[in-house]
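A short write-up of the structure that comes next.
The values are calculated or read from the model by the stated rules, or taken from the named source; none is laboratory data. Everything numeric here is computed off the predicted structure, so don't read it as measured data. Neighbour counts are summed over all protein chains in view; Cβ atoms, including those assigned to glycine, are modelled from backbone coordinates with ideal geometry.
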């Protein structure tokens, strides 16, 4: 839950952070993982991975539907091939967007330790493998070696069936909300042109339903 703040001005606009000397202060980056949480234990995880510099590499949205190009098709194929390399995972809803992917990875019962008593691959290793596999495919197609993905990724731990169904709906309807998606470069440019971005609220249309 977002902490309350009393330094909002105007219609929910947040002033720029400053130091005691009056200079601009860089915002502290929010941790993307729960400290101490074991991401190799069984469970369902909602994952979002963005392209490097949020470049639209994988196709375009036409009339609310994603039209994959050859890079997007390669990404889709690499995602679905993960179960051939990691037998302790199941894949649920998934979508390729112009500059990011969203999907659900399920680590099955006993995923933390294999039959030999050795630790199995956790979520980070599975995501890392997907990024590596798909990067090799895309760079082979474009005949040059450049970054494809951002260094990190976002994950959300799915704790119950109600949350799972909400995440599924969010993923499957993602293309219909591209015009308000903050990963959309045109939306980002519009926000930058306004100078300040309104503080998010529970009515924000591009927030996932499970975060409202």
Exercise. Within the range 126-155, track down each residue that is more than 14 Å from residue 101 (Cα to Cα), surrounded by 14 or more Cβ atoms within 10 Å (Cβ to Cβ) and either in contact with a strand residue (DSSP E or B) (Cβ under 6 Å, 6 or more places away or on another chain) or in contact (Cβ under 8 Å) with a residue 24 or more places away in the chain (or both).
Key: 126, 129, 133, 137, 138
Quiz item: Which of the residues spanning the range 156-212 are part of a helix (DSSP H, G or I), modelled with pLDDT under 90 and in contact with a helix residue (DSSP H, G or I) (Cβ under 6 Å, 6 or more places away or on another chain)?
Solution: 209, 210
Quiz item: What is the residue count in the range 39-67 for residues that are surrounded by 16 or more Cβ atoms within 10 Å (Cβ to Cβ) and in a strand (DSSP E or B)?
Solution: 12
Exercise. Count, please, the residues in the range 26-49 that happen to be at pLDDT 60 or above and over 16 Å from residue 76 (Cβ atoms).
Key: 6
Quiz item: Can you name the condition, by its number, that residue 95 falls short on among (1) under 27 Å from residue 142 (Cα atoms); (2) at pLDDT below 50?
Solution: (2)
Exercise. State whether the residues of the range 82-89 include one that is out of contact with any helix residue (DSSP H, G or I) (no Cβ under 8 Å at 6 or more places or on another chain) and either at pLDDT below 90 or under 22 Å from residue 53 (Cα atoms) (or both).
Key: yes
